[in-house]
Amino acid sequence: MINEIDQILALKTWAVVGLSTNENRPAFGVAALLKSKGHRVVPVHPKGESVHYETGYKSLKEIPFPVDVVDCFVNSDLVGAVIDEAIEIGAKALWLQLGVVDEDGLARAKAAGLLAVMNRCPAIEYGKRGN
């Protein structure tokens, strides 16, 4: 049986919330890794900056095409609103990065039918799988 993390890693279009042009932030490196693994990365940040040659958006609702995974690089106390927006846009999965914890939000996402993981990093998970 394929586990939830593997199911999410198999999805192609990732909206990375909190991704900016700041190369020193973890989101920048993780987004680069996701692209190298064949994912489409969609930057979502209040500045709406383009990152890694991908058009940026100020919110999930602005993205004019379906998103598979919403990957959250935002503070735990702010991520609830992002989770609700992920549910609203019909995302298939939610990924809360290392240090991002919202038990209630995770439960809402799962109740809405999203695959969801919390306090994990896709770069680390790819490393564990050796691919």
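Remarks
- Looking at Val51, Val30, Val44, Val70, just one residue is touching a Ser or Thr at 6+ places or on another chain (Cβ under 7 Å), closer than 17 Å to Leu96 by Cα and either modelled with pLDDT of 95 or more or not charged (D, E, K, R) (or both), and that residue is Val44.
- Checklist (1) in contact with an Asp or Glu (Cβ under 7 Å, 6 or more places away or on another chain); (2) buried (at least 23 other Cβ atoms within 10 Å of the Cβ); (3) not hydroxyl-bearing (Ser, Thr, Tyr) applied to Ala86, failing item: (1)
- Number of residues in segment 1-32 that are within 12 Å of the chain's Cα centre (by Cα), closer than 18 Å to Thr55 by Cβ and either surrounded by fewer than 16 Cβ atoms within 10 Å (Cβ to Cβ) or not aromatic (Phe, Trp, Tyr) (or both): the value is 9.
- Residues of segment 45-67 satisfying the condition of being part of a loop (DSSP other than H, G, I, E, B), touching a strand residue (DSSP E or B) at 6+ places or on another chain (Cβ under 7 Å) and either of a type in the set (A, V, I, L, M, F, W, C) or crowded, with 19+ Cβ neighbours inside 10 Å (or both): Gly56, Ile63, Val67
- Residue selected from segment 33-44 under the condition over 14 Å from Leu19 (Cα atoms) and of a type outside the set (S, T, N, Q), by the criterion surrounded by the fewest Cβ atoms within 10 Å (Cβ to Cβ): Gly38
- Pairing each residue of segment 13-33 that is at negative phi with any residue that is of a type in the set (Asp, Glu), provided the two are 6+ apart or on different chains, yields C-beta distances under 6 Å for Thr13/Asp68; Trp14/Asp71; Val16/Asp71; Ser20/Glu49; Thr21/Glu49.
- Restricting segment 101-130 to residues that are more than 19 Å from Gly90 (Cα to Cα) and not in a helix (DSSP H, G or I), the residue that is farthest from the chain's Cα centre (by Cα): Gly130
- Where a residue in segment 111-123 is modelled with pLDDT of 95 or more and crowded, with 17+ Cβ neighbours inside 10 Å and its partner, wherever it lies, is in a loop (DSSP other than H, G, I, E, B) and charged (D, E, K, R), with Cβ under 7 Å and at least six apart: Leu114/Lys92; Leu115/Lys92
- Test for Ile63: is it at pLDDT 95 or above, of a type in the set (A, V, I, L, M, F, W, C), in contact with a Phe, Trp or Tyr (Cβ under 6 Å, 6 or more places away or on another chain) and farther than 14 Å from Ile8 by Cα: yes
The values are calculated or read from the model by the stated rules, or taken from the named source; none is laboratory data. If you're wondering where the values come from, they're calculated on a predicted model, not measured in any experiment. Here Cβ is always computed from backbone atoms with ideal geometry, including for glycine, and neighbour counts include all displayed protein chains.
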